[in-house]
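All remarks here apply to the structure that follows.
The values are calculated or read from the model by the stated rules, or taken from the named source; none is laboratory data. Source: prediction; values computed, not measured. Please note: Cβ atoms are built from the backbone with ideal geometry, for glycine as well, and neighbour counts cover all protein chains shown. Side chains are part of the model used for accessible areas, which takes the heavy atoms of the whole protein and leaves out ligands, DNA and RNA. Shrake-Rupley method; radii C 1.70, N 1.55, O 1.52, S 1.80 Å.
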Amino acid sequence: MKNKKRRSFQLSEKQLGYAMVIPSLVLVMVVVLWPVAQSFYNSLFDYRLNDPSRSQLMLSATIDLERYLDNQFYIGSQLDSLLESAENEADAETVKGIQQDVENYHAELISDETIKTKVEEIDELLASFTPVRDSELKYSKVDNAFAEAYQGALESHAAALADIAASSSDDTSGQQFQQASELLASTAGNILNSNFIGLDNYGKYMKDQRMWKAMGNTAFFTVISVAFELVLGLAIALLINRAFKGRGIIRATVLIPWAIPTAVAAMMWGFLYDGQSGIIAHYLEALNLIPGSSWLLTTSDGGMFSIILADVWKTTPYMALLLLAGLQTIPQSLYEASSVDGANRFQQFWSITLPLLKSSILVALLFRTLDAFRVFDLIYVLTGGGPANATESISVYAYKTLFAQQNFGEGSVLSVIVFISVAIISLLYVKLIGSDLFDGRTK
């Protein structure tokens, strides 16, 4: 009986396989999918850190209680002063109406017990000149209809006071009315409407010419650089796979460009491309390969040529290393047998090397294509995406939107677009090009 119970708790081969994969899936969920999901959520909002009214993710209307109460403290005293300085009865009645309206809206706001408690806490902090650092205390959700009505009323009152200030014959009185108008307008800005916009950001970028140009630059850079790296990497791999004296030193030397950090390599190539003192620019001009030494970094075609050349120089060793590993797995006996049958070098390469190297080529192309499509540091350091955005990749565009403009909503859209593009590339490689590589392994 004990043996039967033990067997019932044993995992089958399939279950054991799933059990071993689960930790990896959890890691992928945490490290990859969760940030992507967060970016997608951010992309549904008009989320901008440089705009106080949009610096929070708000599904409903929200009020910045700290700034609101700070302004509210001065509104009462300013309106009282306006009553004294009003030049006629009509202006005084306008001020009284504004004063009563603001008091009514404020009373309705603090009728909510939760908001009232927050108001009391914030008043104590403001009285001691202590900033409110707790965002949960600082911001409070309010009814959308109330927020819209209160904000509209404050803006209307601000406009009315501005009109009185403009028509006032007394400069001092006019200045007081103008200051009160600006205070009410500022208070209206403390009421933050929902910045949830759904998929509007995606619709905007589907029509954005700059985004499509960045995608085109990225695709062109990826295709050309990876193609050159594959051809050169395969040639280098075939060369260093042969047995010759000093092969170990040659292999180590070939890998030096790949070992250099990309940002450092980009700065180095920037000096080499310089139109005044760059040695690469000088010799390319002397050989009549480029129209002028300044062409490399100051023109659209020159900028793209520059980043492709720098990338090919740096990452060709990586491609060669992957292909060399594949060459090492091909049995030498196959070449010996083909030589006996009278096959020449080209026939051996076409019939033996390429077919048996297909899996390594697929892996190398997959890694390099994904890496090239996500290129950022090389372009950002070398050209900054210029001139005139001619070399701007989608990753550089996303960085500029996210961090330079601090527009997290639209920047998150670009990040999601990059993720979707990379996922499509991976799917194409696995399903269309490398389907036979996984035959018998995924069934």
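Which semi-axis lengths, in whole Å and largest first, follow from the square roots of five times the eigenvalues of the Cα gyration tensor of the chain?
Working through the eigenvalues yields semi-axes of 65, 33, 17 Å.
Leaving out ligands, DNA and RNA, what percent of the accessible area of the chain is carbon and sulfur, probe 1.4 Å?
Its accessible area is 60 percent carbon and sulfur atoms.
Between R247 and N144, what is the spin-label point distance in nm, taking each point 7 Å from the Cα along the Cα→C-beta axis?
7.1 nm
If you take every residue apart from V132 with its C-beta less than 11 Å away from the C-beta of V132, what net charge results, scoring Lys and Arg +1 and Asp and Glu -1?
-4
Report ³J(HN,Hα) in whole Hz for each residue of region 125-132, in order, from the Karplus equation J = 6.51 cos²θ - 1.76 cosθ + 1.60 where θ = phi - 60°; Gly and Pro get x.
5, 5, 5, 9, 6, 9, x, 8
Solvent-accessible area of D163, probe 1.4 Å, all protein chains present, reported in Å² to the nearest ten, please.
Roughly 100 Å² of D163 is accessible to a 1.4 Å probe.
By how many nm would the segment from E336 to N104 lengthen if fully extended, with 0.36 nm per residue of separation less the alpha-carbon distance?
Computed gain between E336 and N104 is 73.9 nm.
Tell me, how many Å apart are the Cα centres for region 226-240 and for region 348-415?
Cα centroid to Cα centroid, the span is 20 Å.
With θ taken as phi - 60° and the coefficients 6.51, -1.76 and 1.60, list the Karplus ³J(HN,Hα) couplings across region 292-307 in order, rounded to whole Hz; mark glycine and proline as x.
x, 5, 8, 5, 5, 10, 10, 10, 5, 5, x, x, 5, 4, 5, 6
Per residue, how much accessible area does the chain have with a 1.4 Å probe, in Å²?
With the other protein chains kept in place, the chain gives 57 Å² per residue.
Give me the distance in nm between label points sitting 7 Å out from Cα along the Cα-to-Cβ direction at V422 and V31, one decimal.
My value for the distance between the label points is 1.2 nm.
In nm, to one decimal, how far is the S167 label point from the S351 one, both placed 7 Å along Cα→Cβ?
Label at S167, label at S351, 10.1 nm between them.
What ranking of W269, W313 comes out by heavy-atom accessible area, probe 1.4 Å, highest first?
W313, W269
Ranked from the most accessible area to the least, with a 1.4 Å probe and all protein chains present, what is the order of Y429, Y399?
The ordering from most to least exposed comes out as Y399, Y429.
List the trypsin sites (Lys or Arg not before Pro) within region 130-193 that fall in a DSSP loop (any state other than H, G, I, E or B) and whose Cβ has at most 10 other Cβ atoms within 10 Å.
Within region 130-193, the qualifying trypsin sites (Lys or Arg not before Pro) (loop, at most 10 other Cβ atoms within 10 Å) are R133.
Set the bar at 31 Å for Cα to Cα. Now go through K116/K400; K314/K400; K245/K314 and name every pair that lies beyond it.
Checking Cα-Cα distances, K116/K400 exceed 31 Å.
Among the aspartates and glutamates, which have Cα under 15 Å from the Cα of K358 when same-chain residues fewer than 8 positions away are ignored?
D436, D439
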